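One structure below.
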Amino acid sequence: MADNQTHLTRTFLAGLWQENPVLRLLLGMCPTLAVTTSVQAALTMGASVIFVLIGSNLVVSLMRNLLKPHLRILMFTLTIATFVTIADLFLKAYQPAMSAKLGPYIPLIIVNCIIICRAEACASKNGLLVSLADAVGMGLGFTGALTILALIRELLATGQIVFEFGHKVTLLTLPEVPLFRMAGMAMPVGAFLTLGLMLGGVKLLTEKRA
Amino acid sequence: MHTFETLLLGFLGIVIVNNLVFTKFLGICPYLGVSGRIDMAFGMGCAVTFVVTLAGTLTWLIDHLVLMPYGLDVLRYVCFILVIAGAVQLVEMYVRKFFPVLYDSFGIFLPLITTNCAILGMCLFINLWGIDNLPEAVVLSIGAGLGFTLAICMMAGIRENLELADVPPVLRGAPITLITAGLLTLAFMGFAGMIR
């Protein structure tokens with residue numbers, strides 16, 4: 001039992017750092033680059049991915065013994081598409097502004113490699129609990145990486161972090177220094193450069209430890 | 001009236017100005033994964049172009065002939081992904097039969113075209129931009145595929161040279177590839193505003 005528990009914890013923690021989907025495995029790059037212009041968008045995206053990941057991992061884990069090998073990818077994508085439709089409709093109903101801003105990137109969760117990869121690598125081989133731990137760990141790892149990236153980009157591009165729930169709430173403001181208004185950070189260039197440097201930083205950290 | 005000119009402008013726009021890789025961040029995974037060698041990158045580009053043309057056209061037809069008239073919009077994503085998976089299956093069988101060497105070098109990336117965001121993304125964009133006639137949908141799909149091919153081949157060319165460059169050890173591999181992609185994006189931003 002104790003052994004089982006450490007296995008669960010390890011699966012959970014792996015997603016956070018050891019096998020962080022964005023920083024270590026380089027999965028799910030498209031939303032990572034596209035939605036990190038603001039922290040709120042990154043968090044919404046992260047929450048949607050966590051929801052879809054948990055749902056699809058649980059369903060795949062439940063039906064793993066019924067699957068024919070050559071049909072599995074198709075079944076995975078159909079399962080994922082179902083959950084993404086739910087998430088998309090939910091956002092459209094309760095967060096219409098955010099849904100409009102994220103545009104096609106919410107439906108694009110269907111083809112996010114993280115989710116397919118976890119369905120294939122973990123959920124189709126493990127029981128419910130392990131799949132759940134894996135989904136939550138991976139989802140949080142993804143959200144974390146996205147939030148950090150968004151934090152850097154939003155701060156450098158606009159000089160402040162703004163949340164919007166009907167009205168605007170400014171969480172953090174940088175002093176008025178011209179250097180801190182890099183419009184490029186909000187553009188595709190900023191996304192690629194920041195992520196590239198971030199990956200370099202992660203590599204530096206891990207190499208020192210080894 | 002959609003004349004030849006509109007189609008041509010739309011085509012150039014999607015290839016250069018609204019390039020899916022550089023401005024919409026679609027198809028980044030194969031873009032980083034397969035862009036090591038030019039021949040493989042070109043093969044991948046061709047496969048993606050074929051699939052995206054087929055999928056873009058079919059999903060437009062399904063969307064306009066079946067889903068929208070009957071109010072089945074909720075099923076859109078599920079239907080799209082089924083069409084794409086079918087198209088990829090076709091390409092996979094074709095490549096395995098006629099180009100076995102290419103098939104082996106692709107490995108896992110060929111079936112993964114199914115989950116290539118550029119393809120689903122293009123199908124969604126055609127829908128989102130409200131493209132309401134078939135020729136435009138077809139031309140935009142082909143353009144999207146060619147734009148992807150252009151981007152991935154350029155990247156492969158740069159990366160082949162990058163192998164020999166003196167890159168700081170920490171930045172080797174993925175980081176420098178991303179930074180290069182960033183600079184390429186910067187270059188492509190120069191086209192923005194050329195065509196609306």
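Each value in this text was obtained by applying a stated rule to the coordinates, not by laboratory testing. From a predicted model like this one, the values you see are computed outputs, not experimental measurements. Please note: Cβ atoms are built from the backbone with ideal geometry, for glycine as well, and neighbour counts cover all protein chains shown.
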### Query
If you plug each phi of the range B:71-85 into the Karplus form 6.51 cos²θ - 1.76 cosθ + 1.60 with θ = phi - 60°, what whole-Hz ³J(HN,Hα) values come out, in order, with x for Gly and Pro?
x, 9, 4, 4, 7, 3, 4, 4, 5, 4, 5, 5, 4, 5, 4
### Query
For the range A:54-210, treating each Cα as an identical point scatterer without solvent, what Debye log10 I(q)/I(0) comes out at q = 0.10, 0.11 1/Å?
-0.52, -0.62
### Query
Out of residues 5 or more away from B:Val167 or on other chains, whose amide H comes under 5 Å of its own, with H placed 1.01 Å from N in the peptide plane?
none
### Message
Run the numbers for A:Lys168 and A:Leu89: contour at 0.36 nm per residue of separation, minus the present Cα-Cα distance, in nm.
### Response
26.0 nm
## Note on the structure
Of the listed pairs B:Lys24/B:Lys97; A:Lys208/B:Lys24; A:Lys68/A:Lys203; A:Lys92/B:Lys24; A:Lys125/A:Lys208, those with alpha carbons more than 30 Å apart are B:Lys24/B:Lys97; A:Lys208/B:Lys24; A:Lys68/A:Lys203; A:Lys125/A:Lys208
### Two-decimal Rg to Rh for the range A:1-57 - Kirkwood Rh, Cα set
1.07
### Task
Report the one residue of B:Cys29, A:Ser48, A:Leu140 whose Cα lies farthest in the direction of the positive end of the charge dipole of the protein assembly as shown (charges on C-beta: Lys and Arg +1, Asp and Glu -1; origin at the Cα centre).
A:Leu140
### Query
With axes computed from alpha carbons, what is the tilt in degrees of helix B:134-162 against the longest principal axis of chain B, rounded to the nearest 10 within 0 to 90?
10 degrees
#### Entry: Sites A:Thr206 and A:Leu8, calculated FRET efficiency, Cβ-Cβ separation with R0 30 Å, nearest 0.05
0.80
### Message
Based on alpha-carbon centroids, what's the gap between the range B:16-72 and the range B:90-141 in Å, whole number please?
### Response
5 Å
### Query
Normalised by the number of residues in chain A, what is the relative contact order in percent for Cα pairs under 8 Å and 6+ residues apart?
31 percent
## Note on the structure
Dividing the alpha-carbon radius of gyration of the range A:1-128 by 2.2 N^0.38 Å, where N counts its residues, gives 1.10
### Summary
The value for the range B:1-115 (convex hull of the alpha-carbon atoms, volume per residue, Å³) is 136 Å³
### Query
For the protein assembly as shown, rounded, prolate or oblate, judged on the Cα gyration tensor with a ≥ b ≥ c (square roots of eigenvalues), a/c < 1.5 rounded, else prolate if a/b > b/c?
rounded
### Message
Can you classify the range B:68-193 as rounded, prolate or oblate using the Cα gyration tensor, where a ≥ b ≥ c are the square roots of its eigenvalues, rounded means a/c under 1.5, and otherwise it's prolate if a/b beats b/c and oblate if not?
### Response
oblate
### Query
Average partner chain C-beta neighbours within 10 Å, per residue of B:36-46?
0
### Task
Could you grab the relative contact order for chain B? Cα pairs under 8 Å, six or more apart, rounded to a whole percent.
43 percent
### Task
State, in angstrom, two size descriptors of the range B:141-187 derived from its alpha carbons: Rg to one decimal place and Dmax to the nearest whole number.
12.3, 40
#### Entry: Approximate spin-label separation B:Arg172-A:Gln160, in nm, with each point projected 7 Å along Cα-to-Cβ
4.5 nm
## Note on the structure
Where a ≥ b ≥ c are root eigenvalues of the Cα gyration tensor, a/c under 1.5 meaning rounded, otherwise prolate if a/b exceeds b/c and oblate otherwise, the range A:104-169 counts as prolate
### Summary
When the charge dipole of chain A is computed with +1 at the Cβ of Lys and Arg and -1 at the Cβ of Asp and Glu, the Cα pointing farthest to the positive end, of A:Leu156, A:Gln95, A:Asn126, is that of A:Asn126
### Query
What 222 nm value per residue comes from the helices of the protein assembly as shown, counting each DSSP H run with n ≥ 4 as -39,500 (n - 2.57) and dividing by all residues, nearest 500 deg cm²/dmol?
-21500 deg cm²/dmol
### Task
Stick to Cα atoms and the Kirkwood definition of Rh, then tell me Rg/Rh for the range A:41-81.
1.10
### Message
Using the Karplus curve 6.51 cos²θ - 1.76 cosθ + 1.60 with θ = phi - 60°, what ³J(HN,Hα) values do you get for each residue of the range B:22-29, in whole Hz, with x for Gly and Pro?
### Response
7, 10, 10, 6, 9, x, 6, 4
### Task
Rounding to the nearest 20 debye, state how big the charge dipole of chain B is about its Cα centre with +1 on each Lys and Arg Cβ and -1 on each Asp and Glu Cβ.
180 debye
### Query
Nearest 10 degrees, 0 to 90: what angle lies between the long axis of helix A:39-62 and the longest principal axis of chain A (Cα atoms)?
0 degrees
### Task
Towards the positive end of the charge dipole of chain A, with charges on Cβ (+1 Lys, Arg; -1 Asp, Glu), say which of A:Pro69, A:Leu171, A:Asn57 has the farthest Cα.
A:Pro69
### Task
Mind giving me the nanometre distance, one decimal, between the label points for A:His70 and B:Asn161, set 7 Å out from Cα along Cα→Cβ?
4.5 nm
